[in-house]
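S.K.: Quick one: the structure is below, and I'll ask about it shortly.
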Amino acid sequence: MPVFPKASAGPVRCIGLLITICCLGAQAHDLVPSTVGALQSSGIISENLDPIVRPQDDFFGYANGSWLNKVAIPDDQSSWGVSEAMTQKALEQLRDLMAAAVQSSDPEEQKVGRFYASFMNETRVDALGLEPIRAELQSIDALGDRSALSTALASLAQAGVNTPVALSIDPDPRHSTHYAVTLSQSGLGLPDRDYYLRDAARFVAVRRSYRDYIAQLLTLAGEPDGAARAARVLDLETRLARVQWSATENLDPVRTYNPLAVSLLEHHAGPLVWERYLEAAGVRTKVDFVILAQPSYIRGLETLWGTTPLETWRDYLRVRLLAARAPYLGAPFARTSFAFEGTVLNGIPQQKERWLRAVQLVDRLFGEASGKMYVARYFPPENKAKVETLVRNILAAYALRIDQLDWMSESTKREARAKLAKIHIKVGYPDRWRDYSNLRIEADDLVGNVRRATLFETARNLAKLGQPIDVGEWQMTAPTVDAYYDASHNEIVFPAGILQPPAYVAEADDAFNYGATGATIGHEISHGFDESGDKFDSDGNLHNWWTEKDHRLYAQKTHRLVTQYD
């Protein structure tokens with residue numbers, strides 16, 4: 001099912017860090033193999049330095065000035081730097097692998113090729129028009145009461161549609177050896193509740209564009225009165241936003257941990273029939289309780305569910321379905337989707353090339369299959385071993401830093417050392433790859449592939465309930481240019497994609513890799529001890545292991561940094 005990012009124990013992603021770690025002329029535009037040769041010894045590309053700038057005056061300008069002067073942000077990007085360039089290179093490598101995979105003798109690789117081909121067959125996609133989602137639209141049209149709406153809420157979410165409730169299956173934050181079901185706020189078409197509630201000019205303009213976007217989607221789908229219906233949908237989403245929690249509130253793993261017995265949830269059910277919802281979601285008979293991330297939101301949703309006309313809810317679900325499927329429908333839908341999602345929301349003037357969108361989709365929905373191919377070509381086992389050594393050495397250095405803290409009590413230090421010693425290290429790729437043998441992929445059915453792959457992932461997550469925690473599971477695909485710390489597993493994870501030049505160069509001096517990839521490693525370790533990670537113990541359970549005095553001293557020190565940043 002769609003996973004709502006929870007502050008309680010979800011992975012903390014850190015893609016932005018690479019912008020600052022690859023200094024001294026790290027090449028973020030030309031990552032072709034010839035660059036690797038230039039990096040082999042020092043890891044430094046001198047042509048990107050600005051010799052006019054004195055390093056003691058402006059080290060960033062000295063290290064990156066020439067690169068900044070000669071590289072422009074591509075028209076299909078909102079920003080450009082080391083991580084974006086590495087991502088582009090990885091996507092190009094995946095494209096070549098996917099395009100050739102149709103001819104592979106391996107059945108799984110053939111599926112990768114067919115999935116990619118289904119997106120690239122633009123003529124077929126355009127010819128089908130709205131047909132791939134007609135049955136889904138008709139099922140929404142047929143919803144005759146709120147009980148049926150409750151079922152549809154879960155069924156659409158299972159198929160990848162953003163609805164007012166997000167259901168996720170993750171380790172229980174207080175009992176990390178067991179999986180639990182969490183219900184979280186969701187269902188907004190704009191990025192955050194503030195987009196609906198703030199009166200600054202840019203938010204007002206975005207809301208106006210969003211209303212027009214909704215109307216365009218309805219009109220393209222053949223629905224009459226698009227403008228009036230769009231206004232009603234926007235009004236409903238605004239009321240949803242008013243009862244949602246802020247991003248800051250959602251960062252608190254204690255406040256967002258609210259277990260409730262399933263029987264009590266169903267007993268207190270109002271117009272939103274939780275029995276029908278949980279049954280359609282496939283969890284009603286598998287769990288005794290659910291975790292409510294935002295209890296007041298659930299109560300507010302109940303009120304809205306009962307007071308909003310059925311037809312408005314049907315229009316809302318139509319729009320959410322159309323928005324989810326538009327990128328995979330014909331050109332009119334895809335253009336309309338990008339004009340709002342890409343240009344209005346993110347300032348990107350030009351849509352990405354079709355091959356790039358195809359690769360990103362396959363990586364997102366079928367990523368362990370394509371990732372296995374990527375690793376076989378671009379990340380040899382010896383690189384994995386070298387990076388694991390880097391990680392272990394930095395963990396040892398981190399332990400020394402804990403010993404030297406002058407503000408942390410000995411009891412807290414003892415627990416900090418224990419947590420550090422138990423951090424699970426994952427480098428490159430999973431030890432066990434996902435089995436996709438039961439997933440059907442067709443070369444001429446793009447929307448069907450998206451739906452089936454999403455439902456496959458839903459079923460895979462549901463199968464976790466009642467089973468031991470899968471400590472080998474990855475939350476990112478191997479080619480991803482990113483890294484994360486997961487508090488519930490107490491693990492740090494570095495995919496093969498982020499362990500490529502110029503962030504990591506196997507042939508370079510150790511000094512370079514400690515300065516570049518080492519910064520990412522240290523950063524991820526620090527998440528185990530920051531204002532969120534410090535609430536989880538060495539076993540990944542939500543448990544306060546700090547003294548009150550330590551918390552107070554830590555807050556005083558971090559406040560200085562906040563003041564400086566402000």
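S.K.: Go through (1) at pLDDT below 95; (2) closer than 30 Å to V375 by Cβ for S147 and report which single condition fails.
M.R.: (2)
S.K.: Check whether at least one residue in segment 87-106 is among the β-branched types (V, I, T), open to solvent by less than 30 Å² (accessible area, probe 1.4 Å) and either closer than 20 Å to A358 by Cα or touching a Pro at 6+ places or on another chain (Cβ under 8 Å) (or both), and report yes or no. Can you show your working first?
M.R.: First, the residues of segment 87-106 that are among the β-branched types (V, I, T): 87, 102.
Restricting the remaining residues to those that are open to solvent by less than 30 Å² (accessible area, probe 1.4 Å) gives none.
Checking segment 87-106: not a single residue is among the β-branched types (V, I, T), open to solvent by less than 30 Å² (accessible area, probe 1.4 Å) and either closer than 20 Å to A358 by Cα or touching a Pro at 6+ places or on another chain (Cβ under 8 Å) (or both).
S.K.: Which residues, taken from segment 277-306, are open to solvent by 10 Å² or more (accessible area, probe 1.4 Å), assigned to a helix (DSSP H, G or I), modelled with pLDDT of 95 or more and more than 15 Å from A241 (Cα to Cα)?
M.R.: Those that are open to solvent by 10 Å² or more (accessible area, probe 1.4 Å), assigned to a helix (DSSP H, G or I), modelled with pLDDT of 95 or more and more than 15 Å from A241 (Cα to Cα): E279, A280.
S.K.: Please enumerate the residues belonging to segment 262-292 that are among the basic types (K, R) and within 21 Å of D170 (Cβ to Cβ). Step through it out loud before you land on a result.
M.R.: Quick first cut of segment 262-292, residues among the basic types (K, R) only: 276, 284, 286.
R284, K286, listed by residue number.
S.K.: Right, here's the next one. Given the conditions (1) part of a helix (DSSP H, G or I); (2) open to solvent by less than 50 Å² (accessible area, probe 1.4 Å); (3) among the hydrophobic types (A, V, I, L, M, F, W, C); (4) closer than 17 Å to E237 by Cβ, and given that V344 satisfies all but one, which numbered condition is not satisfied?
M.R.: (2)
S.K.: Could I ask something else about it? Restricting segment 170-206 to residues that are surrounded by 21 or more Cβ atoms within 10 Å (Cβ to Cβ) and among the β-branched types (V, I, T), which is farthest from the chain's Cα centre (by Cα)?
M.R.: Across segment 170-206, the extreme among qualifying residues is V181.
S.K.: Now for a different question. Please go through segment 248-262 and pick out each residue that is in contact (Cβ under 8 Å) with a residue 12 or more places away in the chain and among the polar types (S, T, N, Q).
M.R.: N250, T256, N258
S.K.: Taking P349 as meeting all but one of (1) in contact with a Pro (Cβ under 7 Å, 6 or more places away or on another chain); (2) of a type outside the set (D, E); (3) not in a helix (DSSP H, G or I), write down the number of the exception.
M.R.: With (1) in contact with a Pro (Cβ under 7 Å, 6 or more places away or on another chain); (2) of a type outside the set (D, E); (3) not in a helix (DSSP H, G or I) applied to P349, the lone miss is (1).
S.K.: Give me the helices (runs of 4 or more DSSP H) completely within segment 1-87, filtered to those with at least 3 residues that are over 32 Å from the mean Cα position of the chain (by Cα) and at pLDDT 90 or above, ordered by residue number. It would help to see each step written out before you state the result.
M.R.: Numbers: elements: 18-21, 33-39, 59-70.
Of the helices (runs of 4 or more DSSP H) lying wholly inside segment 1-87, those with at least 3 residues that are over 32 Å from the mean Cα position of the chain (by Cα) and at pLDDT 90 or above span 59-70.
S.K.: Return yes or no: is V481 outside any loop (DSSP other than H, G, I, E, B) and either closer than 30 Å to T285 by Cα or touching a helix residue (DSSP H, G or I) at 6+ places or on another chain (Cβ under 8 Å) (or both)? So that I can check it myself, show each step before the final result.
M.R.: Values: outside any loop (DSSP other than H, G, I, E, B): no; either closer than 30 Å to T285 by Cα or touching a helix residue (DSSP H, G or I) at 6+ places or on another chain (Cβ under 8 Å) (or both): yes.
Criteria not met by V481.
S.K.: Next question. Going by the structure shown, is A397 open to solvent by 40 Å² or more (accessible area, probe 1.4 Å), over 22 Å from the mean Cα position of the chain (by Cα) and of a type in the set (G, A, S)?
M.R.: On the way: open to solvent by 40 Å² or more (accessible area, probe 1.4 Å): yes; over 22 Å from the mean Cα position of the chain (by Cα): yes; of a type in the set (G, A, S): yes.
Answer is yes for this residue.
S.K.: I would also like to ask the following. If I ask for residues that are of a type outside the set (D, E, K, R), touching a Lys or Arg at 6+ places or on another chain (Cβ under 7 Å) and within 18 Å of I291 (Cα to Cα), which ones from segment 218-259 would you list?
M.R.: Those that are of a type outside the set (D, E, K, R), touching a Lys or Arg at 6+ places or on another chain (Cβ under 7 Å) and within 18 Å of I291 (Cα to Cα): Q244, P253, V254, T256, Y257.
S.K.: Now, a different point. Considering H559, H523, which residue is out of contact with any strand residue (DSSP E or B) (no Cβ under 6 Å at 6 or more places or on another chain), modelled with pLDDT under 95 and not in a strand (DSSP E or B)?
M.R.: Numbers: H523 fails: modelled with pLDDT under 95.
Checking each option against the conditions leaves just H559.
S.K.: Among the residues of segment 406-419, write down those that are at pLDDT 95 or above and out of contact with any helix residue (DSSP H, G or I) (no Cβ under 7 Å at 6 or more places or on another chain).
M.R.: Once the filter is applied, which keeps residues that are at pLDDT 95 or above and out of contact with any helix residue (DSSP H, G or I) (no Cβ under 7 Å at 6 or more places or on another chain), segment 406-419 yields E410, S411, R414, E415, A418.
S.K.: Any residue in segment 211-229 that is open to solvent by 20 Å² or more (accessible area, probe 1.4 Å) and closer than 21 Å to Y297 by Cβ?
M.R.: For segment 211-229, residues open to solvent by 20 Å² or more (accessible area, probe 1.4 Å) and closer than 21 Å to Y297 by Cβ: absent.
S.K.: Residues that are in a helix (DSSP H, G or I), modelled with pLDDT under 95, hydroxyl-bearing (S, T, Y) and open to solvent by 40 Å² or more (accessible area, probe 1.4 Å): does segment 243-250 have at least one?
M.R.: Yes: one or more hits.
S.K.: Could you list, in sequence order, the residues of segment 509-544 that are among the hydroxyl-bearing types (S, T, Y) and surrounded by fewer than 19 Cβ atoms within 10 Å (Cβ to Cβ)?
M.R.: Matches in segment 509-544: Y514, S526, S538.
S.K.: Which is surrounded by fewer than 17 Cβ atoms within 10 Å (Cβ to Cβ), acidic (D, E) and within 20 Å of L217 (Cβ to Cβ), of D126, D75? So that I can check it myself, show each step before the final result.
M.R.: Numbers: D75 fails: within 20 Å of L217 (Cβ to Cβ).
When all the criteria are applied, what remains is D126.
S.K.: If A324 meets every condition in (1) in contact (Cβ under 8 Å) with a residue 12 or more places away in the chain; (2) within 27 Å of the chain's Cα centre (by Cα); (3) open to solvent by 50 Å² or more (accessible area, probe 1.4 Å) apart from one, which number is that one?
M.R.: (3)
S.K.: For segment 130-155, what are the residues that are buried (at least 16 other Cβ atoms within 10 Å of the Cβ) and not in a helix (DSSP H, G or I)?
M.R.: If the condition is that a residue be buried (at least 16 other Cβ atoms within 10 Å of the Cβ) and not in a helix (DSSP H, G or I), then L130, L143 are the ones that fit.
S.K.: Which of (1) part of a helix (DSSP H, G or I); (2) under 30 Å from G528 (Cα atoms); (3) open to solvent by 40 Å² or more (accessible area, probe 1.4 Å); (4) not acidic (D, E) is the odd one out, the single condition R255 does not satisfy?
M.R.: Just one mismatch for R255, condition (1).
The values are calculated or read from the model by the stated rules, or taken from the named source; none is laboratory data. Since the structure is predicted, the reported quantities are computational estimates derived from the model, not experimental observations. Methodologically, a virtual Cβ is constructed for each residue, glycine included, from the backbone with ideal geometry; neighbour enumeration extends over all protein chains shown. All accessible areas refer to the heavy atoms of the entire protein, side chains included, with ligands and DNA or RNA removed. Shrake-Rupley method; radii C 1.70, N 1.55, O 1.52, S 1.80 Å.
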